[in-house]
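Colleague: To start, I am sharing the structure in question, which I have written as structure tokens.
The values are calculated or read from the model by the stated rules, or taken from the named source; none is laboratory data. All of these numbers come straight from a predicted model, not from anything done at the bench. Neighbour counts are summed over all protein chains in view; Cβ atoms, including those assigned to glycine, are modelled from backbone coordinates with ideal geometry. To get the accessible areas, we keep the full protein, side chains included, count just its heavy atoms, and leave off ligands, DNA and RNA. Shrake-Rupley method; radii C 1.70, N 1.55, O 1.52, S 1.80 Å.
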Amino acid sequence: MQDFQNIESTVAELIRVQTKIDVTPQQYEQDLHLDSLAILEVTIGLERTYGIEVDEAELDVLQIFRSVRSIANFITSTRADQSR
Amino acid sequence: MLYSMLAASASRLPNQPAIVSLAETTTYRQLLHTVDAFAVRLEEQQLQAGDPIVVILPNGPEFAVAVFACAKLGCIAIPLNPSFQETELEHYLNNSAAETVITGATIAAKHRHTIHAINSRCRIIVDPLKNENTVGSGDSASDHFTGDFLFQYSSGTTGEPKKIVRKQSALAQEASQYAQTLSLSQDDRVLAVVPMSHSYGFGNCLMAAICAGATLYTLENFNRRRVMDTLIEKRITVFPGVPFMFSVLAESPSLGEMHFPDLRLVYSAGAPLDRNTFEAFQDKFHVPVRQHYGSTETGPAAINLESTEGDLWASVGKSVKNVTIKIIRHDGQPAATGEVGDVVIYSATTAETQGIPTEADQQRSADGGFYTGDLGRLDAEGNLFVTGRESLFINVGGNKVNPSEVESILQKHTGVSESLVVGTESAHGQEFVKAIVVCEAGLTEDDLKAWCKGKIADFKIPRIIEFRDKLPRTALGKVQRSAVQEPPAG
């Protein structure tokens, strides 16, 4: 299993590929200001990379997709839940 | 006219569900009664024929009630996107001279202060479904109203959004023509997930469905699982969308392959559909996404209801009933079959535009046709292929963004000296907003995004802000937009 730092850098790369937004490690806690279209683009990337299911109707997406760190936290907890 | 159209469906199909939202099912009889009751409420506020009323409501029965009550009283409805913020509200309230806003409790709570700061006399009428007076007159006085009924705003190709003025008679005729073209009937279940505040959702979903006595299933926003659940559980037969929606549904790994046996018509408008999305959607869901073509000024103009084999997947099809499409060369002569030229729509229901027309607009309107600003060609069978658009506007998931509107918001920040806003493409081929900014040292991307927040709709806020020492300019000093635009992906 990837450690948390690796998850963050994978998420940052995924955001760059999906949305073209560059995020440096110093910006992992910063607000990404993603709109609903960008959130869906990142969601598809997360589902593809991590094999998780994201149900945006049931989640506080604005909070989860706020920063690289909050997305990495979400992946960690979702993978733990979905592997049970 | 529009009220009579609703009343006719209610008389023919009183118990048929007219609108089904996540919260409630409203039959045609209930819809008509609620429209009557709400019309009484509007009259109690001294509203009368010709009064402009801004409607800020999401897809749902409340939107339909507000619009049909305006139609009944002969008021002018101005539907606005519920994601609009301070700057947009100010522009549209001032431009339409509306002193009444119909909205929901949440939007009222959020924007009450802003609306009253724009116009202290503005009345805010909340929740058209909750009327103390539950009985209203069922007369169809609206048949006599020949005045303006609807203001919509079209991006056009450049400059400020144009105010498009529609009459009830034209909208009723368009709804009937379109319902006949699609063979819409009371057996149809239409999914309305594109915003009804926009001309596409207003005409193709709300008006066409009500005219045909079909059932409209409304979703307030695009949510993948809700769309899929609605398609399956409600056995949707007609699904109008925009390319971004079809791309997301086709590419989402968490949505598996599926068959929709009831879904007879899926179609896309608002932006060109790309081949990858067409093929991926068909492979996964076994139904072709057909293309539809129209404009705020003319309503629906063409749809491909025939083959999508070979190159025809890319065609927007043949013109709808009572509409003619011609391709005109730049010398004003009709183009030959297959030759690219201006796409011109001839329709008896074409709207008037208001505002100051440009010289080009005046020349272009002279022959009675509506020049769309698009380039295209017709094949020998009369199928239209749209090949390009002469527009600076950025198409974000079907929403048109005027770069100069975003530039003016950025430039109101005291630290910004110059800005240039362009469209660029993401990995999925979707356009988004990018800004190039010249500013004082220390200002960050985060600062400028936060500055835009609450002033303009989220989809207009630049996704990427690039800082430069100066804007690229030509030798004559003109800003060079093309120098900062990336070539389209693929």
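Colleague: To the nearest 20 debye, what charge dipole does the range B:405-490 have about its Cα centre, counting +1 at the Cβ of each Lys and Arg and -1 at the Cβ of each Asp and Glu? Walk me through the intermediate numbers first.
Modeller: Working: 12 positive and 13 negative charges, 48 e Å.
Roughly 240 debye, rounded to the nearest 20.
Colleague: Report, ordered by chain and residue number, the aspartates and glutamates lying within cross-link reach of B:Lys72, taken as a straight Cα distance under 20 Å and ignoring same-chain residues fewer than 8 apart.
Modeller: Hits, sequence-local ones excluded: B:Asp36, B:Glu43, B:Glu44, B:Asp51, B:Glu62, B:Glu99, B:Asp127, B:Glu132, B:Asp139, B:Asp143, B:Asp148, B:Glu174.
Colleague: Roughly how crowded by other chains is peptide B:432-439, in terms of the mean Cβ count from those chains within 10 Å of each of its Cβ atoms? Please report the intermediate quantities before stating the final value.
Modeller: Values: counts 7, 1, 1, 0, 0, 0, 0, 0.
If you average over the peptide's residues, the count of other-chain Cβ atoms is 1.
Colleague: Sticking with this one: Gain in length, B:Asn119 to B:Glu339, computed as 0.36 nm per residue apart minus the alpha-carbon separation, to one decimal in nm? Spell out each step's value before the answer.
Modeller: On the way: separation 220, 0.36 × 220 = 79.20 nm, distance 5.12 nm.
Working it through step by step, the gained length comes to 74.1 nm.
Colleague: May I ask you to derive the FRET efficiency for B:Asp446 and B:Glu44 from their Cβ-Cβ distance with R0 = 45 Å, giving the value to the nearest 0.05?
Modeller: Given R0 = 45 Å and the Cβ-Cβ separation, E is 0.40.
Colleague: Apply the a/c threshold of 1.5 to the C-alpha gyration tensor of the range B:229-274 and tell me whether it is rounded, prolate or oblate.
Modeller: Note, shape of the range B:229-274 comes out oblate.
Colleague: Let me ask something else about it. Amide H to amide H under 5 Å from B:Leu57: which residues, 5+ apart in sequence or cross-chain, H placed 1.01 Å off N in plane?
Modeller: Those lying under 5 Å, H to H, from B:Leu57 are B:Leu80.
Colleague: Another question, if that's okay. Write down the accessible area per residue of the range B:2-221 in Å², having rolled a 1.4 Å probe over the full set of protein chains.
Modeller: Accessible area per residue: 36 Å².
Colleague: A further question on this structure: For chain B, rounded, prolate or oblate, judged on the Cα gyration tensor with a ≥ b ≥ c (square roots of eigenvalues), a/c < 1.5 rounded, else prolate if a/b > b/c? It would help to have the intermediate numbers written out before the result.
Modeller: Values: a/c = 1.45, a/b = 1.16, b/c = 1.24.
Verdict is rounded for chain B.
Colleague: Cβ under 10 Å from B:Gly397's Cβ, B:Gly397 left aside: what net charge do those residues give with Lys, Arg +1 and Asp, Glu -1? Kindly include the intermediate steps, with their values, before the conclusion.
Modeller: On the way: positive: none; negative: A:Asp35, B:Glu431.
Net of charged neighbours comes to -2.
Colleague: How much accessible area is lost when chains A and B come together, counting both sides, with a 1.4 Å probe, in Å² rounded to the nearest 100? Each step should come with its number before you reach the end.
Modeller: Working: alone 5400 and 21170 Å², together 24320 Å².
So the buried area, both faces added, is about 2200 Å².
Colleague: How high is the relative contact order of chain B, in percent, counting Cα pairs under 8 Å that sit 6 or more residues apart?
Modeller: Details: 1034 pairs, mean separation 57.6, N = 490.
Contact order relative to length: 12 percent.
Colleague: Go through B:23-31, B:316-324 and give me the packing order, highest mean Cβ count within 10 Å leading.
Modeller: Working: B:23-31: 17.7, B:316-324: 20.1.
Sorting B:23-31, B:316-324 by mean packing, highest first, produces B:316-324, B:23-31.
Colleague: Also, I was wondering about something else. Please give the average number of partner chain Cβ atoms lying within 10 Å of the Cβ of each residue in A:51-63, rounded to a whole number.
Modeller: On the way: counts 2, 2, 5, 5, 5, 6, 7, 2, 0, 0, 1, 0, 0.
Mean partner-chain Cβ count within 10 Å for A:51-63: 3.
Colleague: Could you tell me the calculated FRET efficiency between A:Asp81 and B:Asp262, based on Cβ-Cβ distance and R0 = 45 angstrom, to the nearest 0.05? Walk me through the intermediate numbers first.
Modeller: Working: r = 34 Å, r/R0 = 0.76.
The computed FRET efficiency comes out at 0.85.
Colleague: What is the mean number of Cβ atoms from other protein chains located within 10 Å of the Cβ atom of each residue in peptide A:28-39, rounded to a whole number?
Modeller: Working: counts 0, 0, 3, 4, 3, 12, 3, 11, 7, 15, 6, 0.
The per-residue average across the peptide is 5.
Colleague: Oh, and also: Residue by residue, what Karplus-based ³J(HN,Hα) values in Hz, rounded to whole numbers, does the range B:290-296 have, using 6.51, -1.76 and 1.60 with θ = phi - 60° and x for Gly and Pro?
Modeller: 8, 10, 10, 9, x, 8, 4
Colleague: So, one more: For the range B:383-455, which GluC sites (Glu not before Pro) pass both filters: DSSP loop (anything but H, G, I, E, B) and at most 10 other C-beta atoms within 10 Å?
Modeller: B:Glu440
Colleague: Give, in nm to one decimal, the length gained when the segment between A:Arg16 and A:Asp55 is fully stretched (0.36 nm per residue of separation minus the Cα-Cα distance). Display every interim value, and only then the final one.
Modeller: On the way: separation 39, 0.36 × 39 = 14.04 nm, distance 2.22 nm.
Result for the pair: 11.8 nm of gain on full extension.
Colleague: Now a separate question. Sum up the charges of everything whose Cβ sits under 9 Å from the Cβ of B:Ala335, counting Lys and Arg as +1 and Asp and Glu as -1, but leave B:Ala335 out. Don't skip to the answer; put the middle values down first.
Modeller: On the way: positive: B:Lys326, B:Arg329, B:Arg377; negative: B:Glu339, B:Asp342.
With Lys, Arg at +1 and Asp, Glu at -1, the net is +1.
Colleague: I'd like to check one number: the per residue accessible area of the range A:4-82, probe 1.4 Å, reported in Å² as a whole number. Don't skip to the end; give the middle numbers.
Modeller: On the way: 3610 Å² over 79 residues.
Result: 46 Å² per residue.
Colleague: Oh, and also: Give the shape of the range A:4-82 as rounded, prolate or oblate, defined through the alpha-carbon gyration tensor: a ≥ b ≥ c are the square roots of its eigenvalues, a/c under 1.5 means rounded, and otherwise the shape is prolate if a/b is larger than b/c and oblate if not.
Modeller: Details: a/c = 1.43, a/b = 1.19, b/c = 1.21.
It is rounded, given that a/c, with a ≥ b ≥ c, falls under 1.5.
Colleague: With a cap of 11 neighbouring Cβ atoms within 10 Å, and only residues DSSP puts in a loop, list the GluC sites (Glu not before Pro) found in the range B:187-274.
Modeller: Numbers: sites: B:Glu220, B:Glu233, B:Glu251, B:Glu257; in loops: B:Glu220, B:Glu257.
For GluC sites (Glu not before Pro) across the range B:187-274 that sit outside H, G, I, E and B with at most 11 neighbouring Cβ atoms in 10 Å, the list reads B:Glu257.
Colleague: Then there is this: When only Cα pairs under 8 Å and 6 or more residues apart are kept, what is the percent relative contact order across chain A?
Modeller: Numbers: 66 pairs, mean separation 29.9, N = 84.
Result for chain A is 36 percent.
Colleague: I would also like to ask the following. Using helices alone, what [θ] at 222 nm do you get for the protein assembly as shown, with -39,500 (n - 2.57) per DSSP H run of 4 or more residues, divided over all residues and rounded to the nearest 500? Walk me through the numbers before you get to the answer.
Modeller: Details: 17 runs with 189 residues, N = 574.
After summing the helix terms and dividing by residue count, I get -10000 deg cm²/dmol.
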